1. I'm trying to understand the selection: among the residues of the stretch 37-75, which are surrounded by 10 or more Cβ atoms within 10 Å (Cβ to Cβ) and assigned to a loop (DSSP other than H, G, I, E, B)?
2. Within the stretch 1-27, how many residues are closer than 30 Å to A52 by Cα, assigned to a helix (DSSP H, G or I) and out of contact with any helix residue (DSSP H, G or I) (no Cβ under 8 Å at 6 or more places or on another chain)?
Amino acid sequence: MRMPNRTVYLPEELDELSRHFELNLSQLTQQAIERVAAEREDEALAVRVKAASDRIRRLEIDWPPQSLQEERAQASER
């Protein structure tokens, strides 16, 4: 999984506390974002679908149109 680098700005006091408690700011930030995404489920799904579609386009993956239909047909046969 690609992990882009982002900068988090903290007031000095929070920075000192986070260092004292040896907090993993990356993990805390990820958890906070996931909580917000869970509260805004429909919006988060739309963002995730768009991001996946953009990655597919960048990778130049060309899925045959009948591929999905064939997979659904095979799944219902099981």
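No lab work stands behind these numbers, since they all come straight from the coordinates. Given the structure is predicted, the values throughout are model-derived calculations rather than measurements. Note that each Cβ is placed from the backbone with ideal geometry, even for glycine, and that neighbours are counted across all protein chains shown.
1. Selection gives R40 alone.
2. Counting residues in the stretch 1-27 that are closer than 30 Å to A52 by Cα, assigned to a helix (DSSP H, G or I) and out of contact with any helix residue (DSSP H, G or I) (no Cβ under 8 Å at 6 or more places or on another chain) gives 2.
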